[in-house]
Amino acid sequence: MRVEFYQTVHGRSPKQAAAHTYQLLEEIEKKGFDAARVIFRLIRGKLWEIKMNLPGIGGYRIFYFSLERDVIFLLHAFSKKMQKAPQRHIETALKRMADILERRNK
């Protein structure tokens, strides 16, 4: 499975998290949805989250969506501090997903 980071039209991407996140993402690339130490959960529509616990950080979430069978687009990441994901984080991910879909349809 290939993992792609969201990029704006200008090539910027969200802040990258700790090296542990990359290790877990590499595991997702190798094992797909069978990767250990992460949980995949539907948020809304096509928007999903990857839930993970990182040493020194604690709960960490990455919103993503899948456009193709073996490709997920990472849209937005944040440290989990509350039980429920703040709406502003969900809205950021949804805007980025819409941006990708719009640019792919041109």
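None of the figures in this text is laboratory data; all of them are computed from the coordinates on show. Given the structure is predicted, the values throughout are model-derived calculations rather than measurements. Every residue, glycine as well, gets a Cβ built from its backbone with ideal geometry; the counts of neighbours run over all protein chains shown.
A compact table of results
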| quantity | calculated |
| --- | --- |
| Angle between the chain longest axis and helix 87-104 axis [Cα atoms, degrees, rounded to 10] | 40 |
| Counting DSSP beta bridges with both ends in the range 2-104, the antiparallel % (nearest 5) | 85 |
| On Cα atoms only, tilt of 19-31 relative to the major axis of the chain in degrees | 70 |
| Contact order normalised by residue count of the range 2-104, Cα under 8 Å, 6+ apart, percent | 24 |
| Furthest towards positive pole of dipole, Ala36, Tyr64, Val3, structure part the chain, Cβ charges | Tyr64 |
